[in-house]
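Here the structure is laid out as structure tokens; the discussion comes afterwards.
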Amino acid sequence: MRSILAMAFISLLLSNYAFSQEKYTISGYIKDVANGEEIIGATVYIEEISNGVTTNPYGFYSITLPEGNYNVRFSFIGYNTINKKLSLSENTTFNIELTEQATELAEVVVHGEAENHNITEIAAGRNEISIQQVKELPALFGEPDIIKNVQMQPGVITAGEGTSAFFVRGGSSDQNLILLDEAPVYDPSHFFGLFSVFNADVLKSADLYKGGIPSMYGGRLSSMLDVRTKDGNTKKLGGSAGIGLLASKLTLEGPISKNEKSSFIISGRRSYADVLAKAASKEVPVYFYDLNAKVNWKPTNKDRFFLSTYFGRDVLDFDGNRIEWGNKTATLRWNHLFNERLFSNTSLIFSDFDYALKIADPVEGFEWTANMQEVALKYDLNYFLNSRNEISFGFQGTYHRYSPGKIVPSSDQSIFKGTNLAKMYSMDYAFYVGNTQKVSDRLSLEYGVRLSIFQNVGEDTVDVYEDIKDNVDVNVIDRIAYGKFEPIKTYWNLEPRVSARYILNENSSLKASYQRMAQYVHLIANATVPIPFNTWAPSSTYLKPQKADQVAVGYFRNFKNNTYEFSAEAYYKDMKDVTDFADNAQVFFNENLETEFRQGTSNSYGLELMMKKNKGRLTGFVGYTWSKTERSVPDVNSNQPFLANYDRRHSLNIIGTYKISEKYVLGGGWTYSTGRPITLPTGRYEYDGYNLNYYSERNGYKMADFHRLDLSFTIHPEKNATRNWKVSHVFSIYNAYNRANPFTIYTRTKQDSDGNIIGDGTEKEVRQVSLFPILPSYTFNIKF
């Protein structure tokens, strides 16, 4: 690995030497003329050198060239191309505004980058989630959801219905870094997974990285979902609204000042099944609401400020009992252009995830509250060295506070006592450097290294155990107290990353990547489906950071003038110190939780195939994944390897939209996967007066296969001639053939159809829990 990085560095020096003659820089921003939004991934192509660059996540580009005359082409799929002739004799700024094309019906395109971007881009394992396609596909109760789209990508496994959790290339759900405008989101679900926290009306872009993650990102082992919201229309006031059977939403955006230097966007959603049911004297105890808001201000061409916030809440309230959870995020960003080549982004980030459980019973009642918060400062720089090298470097510092639980008895008669588990704190730092280099017309590299440093700090008291693995007869022999910010345990990891792309011809390329990732936070859960009140904990004296090494190779090919995209990727991932728990572990409100921790190894490998159609009336993709994930953890499953509880050997997803005309659009999605493993009780025994269960080997049983068909039909009436309104009607059917898919299964005493116990009560039977039957829905949308 060191030799590869050294060779790349030497190549960088030689490349810089080759460009040592007099040179100048073209730079600027590329925007949408209609609303002033910066365009991510727009192409700036120089004909004379057959080379170019793309705009960064803030719409900025920079390319340095020798003095001379050039033809420069600014383009983006779905927009009219602008050609400029330039005599380059000094540094030049071009801020370009592109106009949307009036595309022919047969040339509809569903993604937003260069047509052969999948061939030319370096990163393998990156999937762009088309926001437009998400809006046209079937959605539960008419609410578009990018998480559902993510769950259907090759290499991604879902736990099933009723959850927003997803599992990428053998990693667990907590090993995904989910970012909303750079702020981490710890639970992306609303309504127990029926919706996600991402409101499609405010989304600008979404990218899923399954591999080839750039060195500027870290903190999770398996994937990164980078979601960015719109900045707001700088040209005029506008908005949109949607009214559905279960939830409605309203979005407003527009300029703050008349000089197009500032804008805002605000959007809110709320489900109202509880309100309608109450009016009908019924009881539906579940609801959610959320709010996105963003403002931006550009005082000069060299400075721009953004403030982005999110607040969301879910509540389940029945007979005085209550479960609730929610996310809060805020990101304050400052983009600064030092000069034509050096671009910086400074971000101050806040994230909060809290959850609560209330049981109202006067004897067995209690209220439990918990949360975790983090504040981070991030500083990133991009240096556009020349047309072949873009260097990135920076650092990040984060402060975490974990509040694992506070319990308050519901009354004086409650059997529970007031308890407050000790808070935990940590600091982590990261320094990185990377380079994107075009070695030749065929070979491009993206390489870098990240140094991550983690400290578990006080104020805290650490118990010393006689036997840390004895979770039955726990014996604390000492307690060590640490003051505020006093280091308790320090870990560090060097995380190299290398990606390479070699173009075979104009229609095909080969790609390969290697990455090492480290993760210092752990989800304390022993179930496949994350529930809102699972606890997060930092690495500590008894909990090592998780580490993963992944290699991947892929072949990419386009057909018929980039109408069809095909890709085949294979990967192998080796993980160390993955977190698991002892058999029969008690993880709920356990003051000695560290005695339940078990850490071991995990390996995963698989093959991902995708065929995608980008043009024409029919667009969409077919994705297939074959994968296997196996774990080996000391003191778990009698020290024998076992399948991960999210292991699904086969997964097949088909997504498509068919544009009948400009007015009518059909959408459909079919998903299939083999059943996931599960652990079941196989018998009972009595110990010390308690009846306890025998369990099968870890994940020794498999549930039934999962498959479902969803359909949608969208009507876009003609634009009102007297009002600047655009409306649409969306009809959808979730689970069209009413498949009873397994959510989970359990065992019970065998009963007849009337619920009477059969025999002496010793015979058991397996029962399946299914969530959603066929569900039709309708949503009315308006854009103004």
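Here are some notes:
- Carbon and sulfur %, accessible surface of region 188-278 computed with the full protein complex present, 1.4 Å: 64 percent
- Principal semi-axes in Å for region 392-513 [√(5λ), Cα gyration tensor, largest first]: 49, 18, 16
- Here the convex hull built on the C-alpha positions of the chain has a volume of 182 cubic angstrom per residue.
- One equal scatterer on each Cα of region 252-356, no solvent, Debye formula: the resulting log10 I(q)/I(0) at q = 0.12, 0.18, 0.22, 0.24 Å⁻¹ is -0.60, -0.93, -1.13, -1.22.
- In order through region 537-543: 3J(HN,Hα) via Karplus (6.51 cos²θ - 1.76 cosθ + 1.60), integer Hz, x for Gly, Pro: 9, x, 4, 7, 4, 9, 9
- Proximal charge balance of Trp334 [Cβ under 9 Å; K/R count +1, D/E count -1]: +1
- The chain, relative contact order [Cα under 8 Å, separation at least 6], %: 11 percent
- Expected 222 nm ellipticity per residue - DSSP helices of 4 or more, -39500 (n - 2.57), all of the chain, to 500: -1500 deg cm²/dmol
- Orientation-averaged projection of region 448-496 equals 4.7 nm² [convex hull of Cα atoms, one quarter of hull surface area].
- Among 63-69, 166-172, the order from most to least packed when residues are scored by Cβ within 10 Å on average: 166-172, 63-69
- At q = 0.19 Å⁻¹, base-10 log of I(q)/I(0) for region 305-423 (Debye sum, equal scatterers on each alpha carbon): -1.01
- Loop-located GluC sites (Glu not before Pro) in region 459-521 (DSSP state not H, G, I, E or B) with no more than 13 neighbouring Cβ atoms inside 10 Å: Glu466, Glu506.
- Placing unit charges on each Cβ (+1 for Lys and Arg, -1 for Asp and Glu) gives the chain a dipole about its Cα centre, and among Asn493, Gly52, Phe780 the Cα reaching farthest toward its positive end belongs to Gly52.
- Under 17 Å from the Cα of Lys750 - lysines, other chains or at least 8 residues apart: Lys764
- Potential lengthening of the chain between Asn69 and Thr563 amounts to 174.5 nm, from the contour at 0.36 nm per residue minus the alpha-carbon distance.
- Cα-Cα separations in region 542-662 greater than 22 Å, expressed as whole percent: 54 percent
- Per residue convex hull volume, Cα atoms of region 24-72, in Å³: 71 Å³
- Taking the average, over residues, of other Cβ atoms within 10 Å as the packing measure, peptides 346-354, 124-132 rank 124-132, 346-354 from highest down.
- Backbone geometry of region 118-128 corresponds, through the Karplus equation with coefficients 6.51, -1.76 and 1.60 at θ = phi - 60°, to 3J(HN,Hα) couplings of 5, 7, 8, 5, 7, 5, 8, x, 9, 10, 7 Hz, x marking Gly and Pro.
- Seen against the Cα atoms of the chain and their longest principal axis, helix 2-18 is set at about 20 degrees.
- Label point 7 Å beyond Cα of Ala570 along Cβ direction - residues of region 600-622 with amide nitrogen under 16 Å: 604-610
- Extension gain (nm, one decimal) between Arg322 and Ile49, 0.36 nm per residue minus Cα-Cα: 91.9 nm
- Centre-to-centre, using Cα atoms only, region 317-346 and region 562-583 are separated by 28 Å.
- Among the listed pairs Lys31/Lys783; Lys236/Lys612; Lys302/Lys378, those with a Cα-Cα distance over 28 Å are Lys236/Lys612.
- Region 135-250: mean projected area of Cα convex hull, nm²: 8.2 nm²
- Between Arg270 and Leu332, the modelled label-to-label distance comes to 3.0 nm, taking each label 7 Å out from Cα in the direction of the beta carbon.
- Over every Cα atom in region 463-526, the radius of gyration and the widest Cα-Cα span, Dmax, amount to 23.0, 68 Å.
- Hz values of 3J(HN,Hα) by residue in region 165-175 - Karplus curve (6.51, -1.76, 1.60), Gly and Pro given as x: 5, 9, 10, 10, 6, x, x, 7, 5, 7, 9
- Ligands, DNA and RNA excluded, the heavy atoms of Phe264 present near 50 Å² of accessible surface to a 1.4 Å solvent probe.
- Compared with the direct C-alpha span, the chain from Asn301 to Asn475 gains 56.2 nm at full extension, assuming 0.36 nm per residue.
The values are calculated or read from the model by the stated rules, or taken from the named source; none is laboratory data. Since the model is a prediction, treat every value here as computed from it, not as a measurement. Every residue, glycine as well, gets a Cβ built from its backbone with ideal geometry; the counts of neighbours run over all protein chains shown. Each accessible area value is taken on the protein alone, full model and side chains, heavy atoms only, with ligands, DNA and RNA left out. Shrake-Rupley method; radii C 1.70, N 1.55, O 1.52, S 1.80 Å.
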